[in-house]
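Student: First the structure, which I've put down as structure tokens, then a few questions once you've had a look.
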Amino acid sequence: MTDSIKAEKKLNILLLEDDSIDAQLIKSYLNESNTIEFNITRVETIRDCLTKLDTQIYDLILTDLSVQDSSGVETVNHILTSYACPAVIVITQLDDDVMGEKVVHLGCEDYLYKGDLTSKSLIKSILYAIERHYLTEQIKIQAEQDPLTNLPNRSFLFKRLDQLLIENNHNNIAVAMIDLDGFKEVNDTYGHRAGDELLVQVAERLKRNIRKSDFVARFGGDEFIIVYHHFNNWGQIKECCARVAESLSEPIFVYSNKQLIEVKVGASIGVMKFTDTMSLNEIITGADKLMYISKSNGKNQVTYTQS
């Protein structure tokens, strides 16, 4: 990972520092590098930091513990709990080993005392931090990714849903439970390899037919879940689900005994919208019940909760 960083020779750094003198010093340290270009974006508040993370991709965050709208461990928690957070290094005037251990335990890659900082030590810490973070994320991906379809698995689904509930206070979140119609027949007729290939192609179609703000996961077997959020109205979700249902009703080609076979499956879909009183399990159970209504009513259709 470090070698690839050096090959790219450019890193995007988000610097959360409200002291202009310290910020300039950190920038000057990074500018001393002859091998890597550091593209530094400075913000002075947690609020601005989180806004930047929502709109841009950074390789690493350098943050002080005390800024205008946050201090101490609270600052670190705000950053680390943001979605898709990059590697984080704390740079502070507080020379405190206990605090250092605490923030590293929370998930920061390093804790640097400003009084001991040099250009060489800072750059070295950044490179190591990005490498460690990358390796840790790869392990997480393996643990939270379905190995067949490369979609997020059930473990990631529940974690992401729980995070969305907190961030959105249960507002504008809906879950679509998707169960393939006729999948067992494909498995029985053409074999499990054909069935696996079918699942992979279904996963690709689902990814192509969701918005950037939504995500799809494999729930298990031939069941998938799409999580919709940041929608303006219920009609918007119905349009999205109709598009998904249409894409899954189209023929899919799989190999069986070295021959390309056309199969049709379709999908029964149940869509449940979160309310303030619902738990995570209740929304999944609700979407599952609606999906079975679709199956009992003739399959290959979508059943919605009342808007």
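The values are calculated or read from the model by the stated rules, or taken from the named source; none is laboratory data. All values reported here derive from a predicted model rather than from experimental measurement. All Cβ positions, even for glycine, are placed from backbone atoms using ideal geometry, and neighbour counts span all protein chains on display.
Student: Report every pair of residues separated by at least 6 positions or lying on different chains whose Cβ atoms are under 7 Å apart, first residue within region 210-238 and under 18 Å from Gly266 (Cβ atoms) and in the same structural domain as Asn187 (by TED's automatic domain parsing), second surrounded by fewer than 17 Cβ atoms within 10 Å (Cβ to Cβ) and of a type outside the set (S, T, N, Q).
Tutor: Between residues of region 210-238 that are under 18 Å from Gly266 (Cβ atoms) and in the same structural domain as Asn187 (by TED's automatic domain parsing) and residues that are surrounded by fewer than 17 Cβ atoms within 10 Å (Cβ to Cβ) and of a type outside the set (S, T, N, Q), the close pairs are Val216/Lys207; Phe219/Arg154.
Student: Let me ask another. For residues in region 94-148 being polar (S, T, N, Q) and modelled with pLDDT of 95 or more, which is surrounded by the fewest Cβ atoms within 10 Å (Cβ to Cβ)?
Tutor: The qualifying residue surrounded by the fewest Cβ atoms within 10 Å (Cβ to Cβ) is Thr118.
Student: Given region 209-257, what strands (runs of 3 or more DSSP E) lie entirely inside it while holding 2 or more residues that are within 22 Å of Tyr83 (Cβ to Cβ)?
Tutor: 215-220, 223-229
A quick yes/no check of all residues on (1) out of contact with any helix residue (DSSP H, G or I) (no Cβ under 7 Å at 6 or more places or on another chain); (2) at pLDDT 95 or above:
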| position | (1), (2) |
| --- | --- |
| Asn232 | yes, no |
| Gln236 | yes, no |
| Ser249 | yes, no |
| Val254 | no, no |
| Gly270 | no, yes |
| Thr275 | yes, no |
| Ile284 | yes, no |
| Lys289 | yes, yes |
| Thr305 | no, no |
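Student: Here is a further query. I'd like the full set of residues that are small (Gly, Ala, Ser) and part of a strand (DSSP E or B), limited to region 84-95.
Tutor: Selection gives Ala87 alone.
Student: When you go through (1) crowded, with 16+ Cβ neighbours inside 10 Å; (2) of a type outside the set (D, E, K, R); (3) in contact (Cβ under 8 Å) with a residue 40 or more places away in the chain; (4) assigned to a helix (DSSP H, G or I) one by one for Val175, which number turns out not to apply?
Tutor: So Val175 meets the others, but not (4).
Student: Here's a follow-up. Looking at region 272-292 only, could you name the residues that are part of a helix (DSSP H, G or I) and hydroxyl-bearing (Ser, Thr, Tyr)?
Tutor: Thr285, Tyr292
Student: Among the residues of region 96-116 satisfying the criterion of being in a helix (DSSP H, G or I) and charged (D, E, K, R), which is nearest to the chain's Cα centre (by Cα)?
Tutor: Lys102
Student: Considering only residues that are surrounded by fewer than 20 Cβ atoms within 10 Å (Cβ to Cβ), more than 22 Å from Asp214 (Cα to Cα) and touching a residue at least 24 places away in the same chain (Cβ under 8 Å), which ones fall in region 258-271?
Tutor: Passing the criteria: Ile261, Lys264.
Student: Shifting gears a bit: Go through Asp181, Asp196, Asp188 for me and flag whichever is of a type in the set (Asp, Glu), free of Cβ contacts under 8 Å to residues at least 12 places away in the same chain and either surrounded by fewer than 16 Cβ atoms within 10 Å (Cβ to Cβ) or in the same structural domain as Phe253 (by TED's automatic domain parsing) (or both).
Tutor: None of the other options fit; the residue is Asp188.
Student: What number of residues within region 88-99 satisfy the criterion of being of a type outside the set (Ser, Thr, Tyr) and touching a Ser or Thr at 6+ places or on another chain (Cβ under 9 Å)?
Tutor: Count: 7.
Student: Could I ask something else about it? Test each condition in (1) in contact with a strand residue (DSSP E or B) (Cβ under 9 Å, 6 or more places away or on another chain); (2) surrounded by 14 or more Cβ atoms within 10 Å (Cβ to Cβ); (3) not polar (S, T, N, Q) for Leu280 and report the one that comes out false.
Tutor: Result: Leu280 fails condition (1) only.
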